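Data block below; observations after.
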Amino acid sequence: MSAFDLQKKLVSGDLKVTEAANLFLSQHEQVDSKVNAFVELEKEKVLKQAQALDELSAEQRQSKKLFGVPVAIKDNICVEGTETNCASKILKGFTAPYDATVISKLKEAGAILYGRTNMDEFAMGSSTETSSIKKTANPWDLERIPGGSSGGAAASVASGQVPLSIGSDTGGSIRQPAALCGVVGFKPTYGRVSRYGLIAFASSLDQIGPFARDVKDAALLLDVLAGADPKDSTCSEEAVPNYLEAIDKDLSGLTAGIPEEYFIEGIDPEVEAKVKEAIAQLEKQGVKIEKVSLPHTKYAVSTYYIVATAEASSNLARYDGVRYGIRSAEAKNLNDLYFQTRTQGFGDEVKRRIMLGTYVLSAGYYDAYYLKALKVRTLMKQDFDNAFKKVDFIVTPTSPTPAFKMGEKVDNPLSMYLSDIFTISANLAGLPGVSIPCGLTQENLPVGLQLIGKPFGEETLLQVGHQFQQATDHHKQSPLL
Ligand code: GLN
């Protein structure tokens, strides 16, 4: 059942929240020993919330957009009184002192906060393999990765354990795992959703967004998450439209841009074929197709790995053994405390990023790398501005390949970084993007279609995605666990 239908049933009282919660918990018990989407899920906590919701009056239920619907939370979003680790050893034992704004909004909407999902350490990765806690499997093939960094969030929805989850996307961490797990993942425009209480990776790129089985459910959740927040000065005051109303319009009159730079050598032929079929389907539904060019795309990965690591090196300076999480017991003096704590607490990928970021910001290299990357970032944004003069949205593959095998890329950072080649540009330009299932490969692995929109063009993406799903059934496929 979709979150949308579930909410209706719960509001009407046809189904009790406790009954629904127990069904989800039993699915969790059956499948999560194989999938490992969750790093923490306490049955008692879930049932306590469900019981409290069951006690609300009919009138109180009506106003709650996610009444009784379980939503899983990525381990980098703060929930007051709950341990939040970013899947890092360095944050072991850290309990969040306050709720992230999105968490307050979920509570207000009557959602059940349903456990913490696994991720790459500090959201750095594309396979969830850099988690210090556990490895998450792709529900479609347990020997493969679920994508990352929000791999647990994507896998929790794909394996039927929750109808909805939230993740964060800095360079593709919502869209890429959504593509590889065959669910919908939506990264909103930078500033559409508050980042207050999201543990920062790269502050000019990070956005929180929804995972769902279908686009309508993603619209429902985005509706709750979006909106101005005085606690995040980068959060926009732009009014939030009614996303659920937007999705019902047909597609005639819309123009899609196909960027030639996204159909490159190295892309898996089955991925390319499925995406092209999806484009033909959109055309059948009345969308005009136009070629566009985003000439600076070839610099996306290098630009991202300068900007993101530079910001990460500053953001992660706060984990020094003094204020959060673990503290090395062997340290002899203050300097040694920093050194030992960071040596013991951070994993290899995080260390690599801190070193890269420190390097590109250091005197003598700043102009050559960081400043230059910022200039290229502007050029990339201009490419999109130009394209959006002719088209309403852009269509690309989400990931160049379907899910790869565990261990395949973990020792080869460059090959791992290339998994984000199609998702990174939207973050650098601050644009909304969504990944939608568009078919299965011969090996039964999901392929994702990416739609990129104008700033605050969420409505168009949801409309196109929903109409596509009305005409196709790719999103109705589920893995045989
Ligand atoms: N995979 C990309 C990275 O490793 C993106 C991660 C993300 O969006 N958080 O940085």
Legend entry - Cα-based reach from LYS231 at 13 Å (exclusive), listing aspartates and glutamates while leaving out same-chain residues under 8 positions away: ASP99
Inset, instruction - State the Cα centre-to-centre distance between region 255-283 and region 293-313 in whole Å. - result: 23
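Measure up LYS74/LYS389; LYS48/LYS216; LYS45/LYS187; LYS9/LYS274 against 32 Å on the Cα-Cα distance and list the ones that go over. Let's see the in-between values first.
Details: LYS74/LYS389 36 Å; LYS48/LYS216 28 Å; LYS45/LYS187 29 Å; LYS9/LYS274 35 Å.
In this structure, LYS74/LYS389; LYS9/LYS274 lie more than 32 Å apart at Cα.
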Inset, instruction - Can you tell me the relative contact order of region 157-299? Whole percent, Cα pairs under 8 Å, sequence separation 6 or more. - result: 20
Legend entry - Inter-part distance where region 136-186 and region 1-64 are each reduced to a Cα centre, Å: 20
Inset, instruction - Return, for the Cα atoms of region 52-176, the radius of gyration and Dmax in Å, separated by a comma. - result: 15.1, 47
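Just subtract the alpha-carbon distance of LYS372 and ASN444 from 0.36 nm times their residue separation and send over the number in nm, one decimal. Could you put the intermediate results ahead of the total?
Details: separation 72, 0.36 × 72 = 25.92 nm, distance 4.23 nm.
Difference between extended and current length: 21.7 nm.
Using only alpha carbon positions, build the gyration tensor of region 340-409, then give the equivalent ellipsoid semi-axes as the square roots of 5 times its eigenvalues, largest first, whole angstrom.
Details: eigenvalues 208, 118, 15 Å².
Calculated on Cα positions only, the semi-axes equal 32, 24, 9 Å.
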Legend entry - GluC sites (Glu not before Pro) within region 103-171, DSSP loop, no more than 14 other Cβ atoms inside 10 Å: GLU143
Legend entry - LYS298-GLN477 pseudo-label distance in nm [points 7 Å out on the Cα-to-Cβ vector]: 3.4
Legend entry - Qualifying lysines (Cα of each under 18 Å from Cα of LYS372; at least 8 residues distant if same chain): LYS298, LYS381
Legend entry - Equivalent ellipsoid semi-axes, region 295-411, via Cα gyration tensor eigenvalues times 5, rooted, Å: 36, 20, 12
Inset, instruction - Take the alpha-carbon centre of region 222-237, take the same for region 454-481, and report the distance between them in whole Å. - result: 24
Legend entry - q = 0.10, 0.11 Å⁻¹, the chain: log10 I(q)/I(0) [Debye, one scatterer per Cα]: -0.68, -0.83
Legend entry - Scaled radius of gyration (Cα, divided by 2.2 N^0.38 Å) that region 374-481 gives: 1.21
Inset, instruction - Tabulate in residue order the Karplus-calculated ³J(HN,Hα) for region 181-194, using 6.51 cos²θ - 1.76 cosθ + 1.60 with θ = phi - 60°, rounded to whole Hz; enter x for Gly and Pro. - result: 9, x, 10, 8, x, 10, 9, x, 3, 4, x, 6, 10, 5
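So what is Rg over Rh here for region 259-362, counting just Cα atoms and using Kirkwood for Rh? Don't skip to the end; give the middle numbers.
On the way: Rg = 22.5 Å, Rh = 17.7 Å.
Value, to two decimals: 1.27.
With only alpha-carbon pairs counted, each pair once and no self-pairs, how large is the Kirkwood hydrodynamic radius of region 194-289 in angstroms? Display every interim value, and only then the final one.
Working: mean 1/r = 0.0598 Å⁻¹.
Taking every pair of different Cα atoms in region 194-289, averaging 1/r and inverting gives 16.7 Å.
For a quick protection proxy, order the peptides 384-390, 260-266, 311-317 by their average other-Cβ count within 10 Å, most packed first.
In decreasing order of mean packing, 384-390, 260-266, 311-317 become 311-317, 384-390, 260-266.
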Legend entry - Other-chain or far-sequence residues with amide H under 5 Å of GLU40's (modelled H): ARG116
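Any read-out appearing in this document is the output of simple, stated calculations on the displayed coordinates, not a laboratory observation. All values reported here derive from a predicted model rather than from experimental measurement. With ideal geometry, Cβ positions are generated from the backbone for all residues, glycine too; neighbour counts draw on all protein chains shown.
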